[in-house]
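Below: one structure, written as structure tokens.
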Amino acid sequence: MAATARGSAREIRAADVEVAGLAAAEAGAFLAALRSAAASSPSSDAAEVWAAVVAAGVLRPEHPHALHQLVYYSVYAGWDRAARGPPPYWFPSPIDCKRTNLGRMMEQNGPKLLGSSYKDPISSFDLFHKFSVENQEVYWRMVLKELSVKFLREPKSILDASDKSKKGGTWFQGAVLNIAECCLLPWPSQNRTDDSTAIVWRDEGLDDYPVNRMSLKELRTQVMTVAHALDTMFQKGDRIAIDMPMTCNAVIIYLAIILGGFVVVSIADSFAPQEIGTRMRVSNAKAIFTQDFIIRGGKQFPLYSRVMEGTSSKAIVIPATGDCLGVTPRTGDMSWKDFLSRAAGRSSIYSPVYQPSDALINILFSSGTTGEPKAIPWTQLCPIRCGADTWAHLDVRPQDIGCWPTNLGWVMGPILLFSCFLSGATLALYHGSPLGHGFCKFVQDARVNMLGTVPSLVKAWKAGNLTKGIDWTKIRVLATTGEASDIDDNLWLSSRACYKPIVECCGGTELASSYIQGSLLQPQAFGAFSGKSMSTGFVILDEQGHPYPDDQPCAGEVGLFPLYFGATDRLLNGDHDKVYFDGMPIYKGRAL
């Protein structure tokens, strides 16, 4: 750190501010503003002082990181972590909290559901969370109204937990739908029309050109074209892999496979031939969509050659740039252009294949670091779960613009796709490396207001000071997952967006969501989760497998309550009960 932290905000001197990178001419005014903000705090409590400093806008995104460090670490120098937990940097506002998705729902339904114990979204959050765990039917019925989920046949019941042999219960019994269709329809309550922007994107290297936009109608038309072409080559239920960067074409293919009643097999574009082969074999995939190359940081990396080496299944090859392939397809494989031509002469509309809610739509894989990867089957319930969690915890709203560099081969790809489209938000895609200045500029130009990250990305942006001269103040909420966060990197990230909250997310492919997460109705601390996700219950177990009391600070293993909407109930290449339930204690009559 360039400047040594002081014992409190009041002890920071002009010399410290200069060492942290402010010119002498600015240091005096900064210090006066800092002291004035600190003095306006209702008490000398560090959290209240920090809240006052942030509210006054004393620290700005363009200030050197060393200055943000100086103030943050000085304010919290005397904080007792052991007694009070990690220091908060963001606090929900009593007015704004009622405008959040969850706050609005609580204001509308809280008095009716919780009676006189309901006060407001912030002070009644724990009570409402407990209600969502104990009354899942009521909670999920309310959330369904917020997402663009259209049933051909409505569910007879939300949850039937009577059959104890089904440890996770039976959800949405009798419901019939097509979840891809739900992503493609205009939706009046979300102000989503055919002209709404569904996807905004930019190709790497074209960083000074306007961003590209695709309307909902254009997206739907392209998805239907691909679905028609698939019908000429495959049988309903066939499994079809996608191994390519998360581009507009990848999203179109993903939705078309599901719209047409086929099953997506998700393969990350970073895999070696052997790993591609394993996943094709385990999933019994009939074909694979891929790209000739991957363009990253101005360089071309081979992808189709890895796919050819990994599998003999039919490949449909898309050019990374332009209309012409940079490779010659092997015999039996096909160019994207030839594939699309198979839809010629077919109707401009497409009838979705409607299936029960527990029908398979996507096979995803665990990382496979400890042997053969687990083949995890997502049903049509999984997108509803991830869409609902993002709606509740990341507060994604209609017309928001959501961006999260990821891939359809990892669970975050489908989560991002469904979270945007089911809540009426626009999906923002950068066709290239997220590690450079170009991506950071895209976030600004696309007016992204929900930005998801992984900690290693943030570390790279911070190390290269890649947001210099870039305006990220449109961002309303940040998110992170995949690795443990670094507190100082998160201080840097949040400060680029005027100290907006970073929602930490931790979950699993099998859960289609996070079980532990931040919330915009609770104070947030760097590198920490503020609570369980909505409707999720769990206990923390000691070494003997006994649960600790809920209000006791402890360290142990998490045991999830099994009635978890959207969680998978089978594995394609393993014994689900053995993997997830064997050896787990019984809690309140149910195996954790």
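Principal-axis analysis of the Cα atoms of the chain puts helix 24-39 at an angle of about 90° to the longest axis. Annotation: amide H of residue 241 within the under-5 Å range of 265, 286, 287, 288, 289, sequence separation 5 or more or interchain, hydrogens built in the peptide plane. Within straight-line reach of residue 468, meaning a Cα separation under 14 Å, sit the following aspartates and glutamates at least 8 residues removed in sequence or on another chain: 62.
For the set 164/578; 166/236; 167/578; 374/532; 98/119, the pairs lying more than 23 angstrom apart at their alpha carbons are 166/236; 374/532. In terms of accessible area, using a 1.4 Å probe and ignoring ligands and nucleic acids, 336, 410, 140 rank largest first as 410, 336, 140.
Loop-located GluC sites (Glu not before Pro) in segment 509-592 (DSSP state other than H, G, I, E, B) with a sparse environment of at most 12 neighbouring Cβ atoms within 10 Å: 543.
By the rule of a C-alpha distance below 14 Å, with chain neighbours fewer than 8 residues away ignored, the aspartates and glutamates paired with residue 286 are 231, 238, 243, 333. To test your reading of the geometry: what angle, between 0 and 90 degrees and rounded to tens, separates the Cα axis of helix 487-496 from the longest principal axis of the chain? Helix 487-496 and the main axis of the chain meet at about 90 degrees. When all alpha carbon pairs of segment 1-134 are counted in 10 Å bins from zero, the resulting P(r) reads 12, 34, 24, 18, 11, 2 %. For segment 508-592, the equivalent ellipsoid derived from the alpha-carbon gyration tensor has semi-axes of 24, 18, 11 Å in decreasing order. At full extension, residue 43 and residue 465 could sit 148.4 nm farther apart than now, given 0.36 nm per residue minus the alpha carbon distance. P(r) tail for segment 446-578, what percent of Cα pairs lie past 22 Å? Value for segment 446-578 (Cα pairs over 22 Å): 48 percent.
Packing order of peptides 388-397, 235-244, 347-356, 78-87, highest average first: 388-397, 235-244, 347-356, 78-87 (average count of other Cβ atoms within 10 Å over each peptide's residues).
At an R0 of 30 angstrom, the distance between the Cβ atoms of residue 573 and residue 323 translates into a FRET efficiency of 0.20. Entry note, the chain: the mean residue ellipticity at 222 nm calculated from DSSP H runs of n ≥ 4, each adding -39500 (n - 2.57), is -9500 deg cm²/dmol after division by the residues and rounding to the nearest 500. If you roll a 1.4 angstrom probe over the protein chains with everything in place, what fraction of the accessible area of the chain belongs to carbon and sulfur, to the nearest %? The computed percentage sits at 52. For segment 128-272, what log10 I(q)/I(0) values come out of the Debye formula at q = 0.13, 0.15 1/Å, with one point per alpha carbon and no solvent? Scattering profile of segment 128-272, log10 relative to I(0): -0.82, -1.00. Per residue, the chain exposes 41 Å² of solvent-accessible protein surface, assessed with a 1.4 angstrom probe and all protein chains in place. With respect to the chain, whose longest principal axis is taken over its alpha-carbon atoms, helix 273-283 is tilted by about 70°.
If only the Cβ of Lys and Arg carry +1 and only the Cβ of Asp and Glu carry -1, the dipole of segment 198-355 around its Cα centre is close to 480 debye.
The values are calculated or read from the model by the stated rules, or taken from the named source; none is laboratory data. Values in this document were obtained by computation on a predicted structure and should not be read as measured data. With ideal geometry, Cβ positions are generated from the backbone for all residues, glycine too; neighbour counts draw on all protein chains shown. What goes into the accessible areas is simple: the full protein's heavy atoms, side chains included, and nothing from ligands, DNA or RNA. Shrake-Rupley method; radii C 1.70, N 1.55, O 1.52, S 1.80 Å.
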